[in-house]
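Colleague: Submitted below is the structure of interest, expressed as structure tokens.
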Amino acid sequence: MKINEVSKKYNVASDTLRYWERVGAIPAVTRDAAGYRNYDQEDLNWVSFAICMRDAGVSVEYLIDYVSLFQQGKQTVQARKELLNEQLESVSERLAKMQESYDKLKYKVDHYEHIDKDYDGKMGKH
């Protein structure tokens, strides 16, 4: 699959894909005889992983570290697990904050659905 197809499939800019590869946030992509990127399934798996991690707020630097460890082989399994656990904890904290924000917004929306004639214009609970 060519880079423009990958870009469309995953809704990520071709420049972003090139950047990720250049800095090591994804491993080097398979190339055809002419030197053009030709993403195979393994390459697509890495792109999908990078997108997922970036959507979760994981930095490019962490991706670079993870890919580097992965490429070093089985002896880095524990280090990779620790790296992912750090990110999981960070995502969990952000998720809890988002849930709190969601709950407050939901409360406000529900409040407006039940507002009555005695509304006094005060902010109320938030």
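The numbers here are math on the coordinates, done by the rules we state, and not lab data. What you see is a predicted model, and the numbers here were worked out from it, not measured in a lab. No Cβ is skipped: glycine too gets one built from the backbone with ideal geometry, and neighbour counts run over all protein chains shown.
Colleague: For segment 16-59, what are the residues that are among the acidic types (Asp, Glu) and over 17 Å from the mean Cα position of the chain (by Cα)?
Modeller: Residues satisfying the conditions are ASP32, ASP40, GLU42.
Colleague: Test TYR19 against the stated conditions and say whether it is without any contact (Cβ under 8 Å) to a residue 40 or more places away in the chain, on the phi < 0 side of the Ramachandran plot, in contact with a helix residue (DSSP H, G or I) (Cβ under 9 Å, 6 or more places away or on another chain) and not charged (D, E, K, R).
Modeller: Answer is yes for this residue.
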